[in-house]
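Student: Before I ask anything, let me first share the structure, which is written out below as structure tokens.
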Amino acid sequence: QVTCIEVVEAYVERIKEVNPLINAVVKDRFEEALQEARQVDKLLSEGPGNDCLEEKFPLLGVPITVKEAFSLYGMPNTSGLVNRRNVIATSDATVVSRLKQAGAIPLGVTNCSELCMWYESSNRVYGRTNNPYDLQRIVGGSSGGEGSVLAAACSVIGVGSDIGGSIRMPAFFNGVFGHKPTTGVVPNDGQFPNAHGVRTSYLCTGPMCRYAEDLELVLRVMAGPGVSKLKLNEKVSLEKIKFHCMDHDGGSIFVSPVDKEILQAQKKVVEHLESDLGVQVQRVAIHKMKYSFQIWSAMMSSKDSEGQEAQRFTDLLGDHGKPVWPLWELMKWLVGMSSHTLPAIALGLTEKLVNLNISGKAKLVSMGKSLQEEMEALLGPDGVLLYPSHPTIAPRHHSPICMPFNFAYTAIFNVLGLPVTQCPLGLGSEGLPLGIQLVAAAYNDHLTLAVARYLEKAFGGWVLPGKV
């Protein structure tokens, strides 16, 4: 019905219109994208039948955006680190290459938090990204630019990465879909910083989309040959899924209580599943979830099976240059002289504290392994857990520094290696997105994706900002 050039032009105009407000796209490639769109139209006019093209190029002409932490040829690849501000990617990350080979057209790269380790997307290279539903609110991190750009209807598909909720938190705060695949299926190559040691088991690359049906298609492309490990061709009978529900983590002292509106939205999901599908949603209380933050923190800093230490965050901050001293950087920050953000400096300081209690850390790692077994046994081959995406709706800018561990609601599933889909559930009383996490056992991504498609129809999915 429309040409590819018309589609790409529409998205380019949309970005030009709203990006001055949200600051999500930090570097564009509009001229190249328009040229690629013309080539798509040429191919469609001259080439073989559309069925043949669809099989070869499942994303032909689809505009996408890419988190700046991933290499996209000719685009910056700083991850918000000032001493990388002149780094330009000379190749494509594996997932970016696969999306381009499938016909997708990148429009540009989007903002993230400094070194992808904080849940507000703000740094000293590009500044701060704003939430399209309320510019005074955060977009989440670290894939916050992607969450914002998708919510504002500036892109169709986003490339995100997630080691503590960096796909799911931005998807939740911005009212879009995000999927953290089962660990080890989608390659992480070509992003900075990449995971080393034990963290290679926790970092996941995955899709972010406005529409639930796009998640599976993009996941197939991103996973490449690895997709055979997932059961995406299996038909899912929703009535046969064993649904479990947990309202909160059990009351950790480190995180905020879950907002009433988030609990209410989750209750509506349970009621809808029970009345529409005739299933019984089982309420569960998993005691170890109360220690989610401590477990994630201990497992993130533990040695791998070969005894290799986890990479230190302060080493990453230096990026092969001079070592960074967090206490000195804090002094500089107080007088406006540091090139690092306060959350990055704080993380550098707390990193040292985590490694002081060796025996306590070992107990927490053991608790994490035990929780993993408990969760796999609970979910089995046909289970899905409903769990809050975050204890609060999108907070105001800077306020996460007061409750820095709220990301534990998403982070725990990284160290457990489970697939999770964040599903939007409309807007709350303040016009901000609500949502829920759908969790399944390893390699059962097809179950959470199917439930996300179902809930999108029931609850409306993504809502255009400013519509209400």
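Student: First obtain the Kirkwood hydrodynamic radius of the range 358-468 from its Cα pairs, then insert it into the Stokes-Einstein equation at 25 °C and 0.890 mPa s, and state the resulting D in µm² per second as a whole number.
Tutor: This corresponds to a translational diffusion coefficient of 155 µm²/s.
Student: Then there's this: With a Förster radius of 45 Å, plug the Cβ-Cβ distance of Glu55 and Leu263 into 1/(1 + (r/R0)^6) and report the FRET value to the nearest 0.05.
Tutor: 0.50
Student: What nm value, rounded to one decimal, do you get for the distance between Met403 and Trp325 when each label is placed 7 Å out toward the C-beta?
Tutor: 3.6 nm
Student: So for the range 4-459, what percent of the C-alpha to C-alpha distances run longer than 41 Å?
Tutor: When all Cα pairs of the range 4-459 are counted, 12 percent exceed 41 Å.
Student: So, one more: Would you check the accessible area of Tyr291, probe 1.4 Å, heavy atoms only, in square angstrom rounded to 10?
Tutor: Ignoring ligands and nucleic acids, Tyr291 comes out at about 70 Å².
Student: In terms of modelled amide H atoms, which long-range or inter-chain residues lie less than 5 Å from the amide H of Met75?
Tutor: Ala89
Student: Right, here's the next one. Considering the dipole of the range 4-459 built from charges on the beta carbon (Lys and Arg +1, Asp and Glu -1) around the Cα centre, which of Val198, Leu385, Ser302 is farthest to its positive end?
Tutor: Of the candidates, Ser302 comes out farthest on the positive side.
Student: Follow-up question, since we're still on this one. Rg and Dmax in Å for the range 103-146, alpha carbons only: what are they?
Tutor: Rg, Dmax (Cα atoms, Å): 11.0, 36.
Student: Kindly flag which residue pairs out of Lys42/Lys100; Lys56/Lys180; Lys242/Lys268 have an alpha-carbon separation exceeding 22 Å in this structure.
Tutor: From the list (Lys42/Lys100; Lys56/Lys180; Lys242/Lys268), the Cα-Cα distance tops 22 Å for Lys56/Lys180.
Student: Right, something else. Show me the ranking of peptides 165-176, 22-33, 58-69 by mean Cβ neighbours inside 10 Å, starting with the highest. Walk me through the intermediate numbers first.
Tutor: Values: 165-176: 33.2, 22-33: 20.5, 58-69: 25.8.
The densest-packed peptide leads the list: 165-176, 58-69, 22-33.
Student: Putting +1 on Lys and Arg Cβ atoms and -1 on Asp and Glu Cβ atoms, find which of Val185, Leu371, Ser91 reaches farthest to the positive end of the dipole of the chain.
Tutor: Projecting each Cα onto the dipole axis, the largest value belongs to Leu371.
Student: Using 0.36 nm times the number of residues separating Gln282 and Leu135, minus their current alpha carbon distance, what extension gain do you get?
Tutor: Difference between extended and current length: 49.1 nm.
Student: While we're looking at this one, here's another question. What would the Debye formula give as log10 I(q)/I(0) at q = 0.12 Å⁻¹ for the alpha-carbon point model of the range 25-151, no solvent?
Tutor: Cα-only, vacuum Debye calculation for the range 25-151: -0.50.
Student: If the cut-off is a Cα-Cα distance under 12 Å, which aspartates and glutamates reach Lys267, setting aside same-chain residues fewer than 8 apart in sequence?
Tutor: Counting by Cα, and skipping residues close in sequence, Lys267 has these aspartates and glutamates nearby: Asp247.
Student: Multiplying the sequence separation of Thr90 and Met367 by 0.36 nm and subtracting their Cα-Cα distance, what value in nm do you get? Write out the running numbers ahead of the final one.
Tutor: Details: separation 277, 0.36 × 277 = 99.72 nm, distance 4.26 nm.
Full extension from Thr90 to Met367 adds 95.5 nm.
Student: Let me ask something else. Mean Kyte-Doolittle of at least -1.0 plus a Cα span of 20 Å or more along the axis: flag which DSSP H helices in the chain meet both, please. Please report the intermediate quantities before stating the final value.
Tutor: Working: long enough: 4-22 (26 Å, 0.51); 30-46 (24 Å, -0.69); 358-379 (32 Å, 0.11); 445-459 (21 Å, 0.21).
Result, helices passing both filters: 4-22, 30-46, 358-379, 445-459.
Student: Can you tell me which of 187-194, 74-81, 154-161, 107-114 comes out highest on packing, and rank the rest after it, using the mean Cβ neighbours within 10 Å?
Tutor: In decreasing order of mean packing, 187-194, 74-81, 154-161, 107-114 become 107-114, 154-161, 74-81, 187-194.
Student: Find which of Pro20, Gly47, Val2 sits farthest along the positive direction of the dipole of the range 1-71, computed with +1 on the beta-carbon of Lys and Arg, -1 on that of Asp and Glu, about the Cα centre.
Tutor: Going by the charge dipole, the pick is Pro20.
Student: Under a point-charge model restricted to the Cβ atoms of Lys and Arg (+1) and Asp and Glu (-1), what is the dipole moment magnitude of the range 1-144 relative to its Cα centre, in debye to the nearest 20? Provide the component values of the computation, followed by the final result.
Tutor: Details: 15 positive and 18 negative charges, 134 e Å.
Rounded to the nearest 20 debye, it is 640 debye.
Student: I would also like to ask the following. How much of Tyr11 can a 1.4 Å solvent probe reach, expressed as accessible area in Å² and rounded to 10?
Tutor: 40 Å²
Student: Restricting the count to DSSP beta bridges whose residues both fall in the chain, what percent are antiparallel, rounded to a multiple of 5?
Tutor: Expressed as a percentage, antiparallel bridges in the chain total about 70.
Student: What size of dipole, in debye to the nearest 20, comes out for the chain about its Cα centre when the only charges are +1 on Lys and Arg C-beta atoms and -1 on Asp and Glu C-beta atoms?
Tutor: The dipole magnitude comes to about 1060 debye.
Student: While we're on this one: Work out from phi, with θ = phi - 60° and the Karplus expression 6.51 cos²θ - 1.76 cosθ + 1.60, the ³J(HN,Hα) of each residue of the range 153-158, listed in order in whole Hz, and give x for Gly and Pro.
Tutor: For the range 153-158, the Karplus curve yields 6, 9, 7, 9, 9, x Hz.
Student: With contacts defined as alpha carbon pairs under 8 Å and 6 or more residues apart, what's the relative contact order of the range 4-459 in percent?
Tutor: With pairs under 8 Å counted, the relative contact order is 18 percent.
The values are calculated or read from the model by the stated rules, or taken from the named source; none is laboratory data. All of these numbers come straight from a predicted model, not from anything done at the bench. Please note: Cβ atoms are built from the backbone with ideal geometry, for glycine as well, and neighbour counts cover all protein chains shown. Heavy atoms of the whole protein, side chains included, go into the accessibility calculation; ligands, DNA and RNA do not. Shrake-Rupley method; radii C 1.70, N 1.55, O 1.52, S 1.80 Å.
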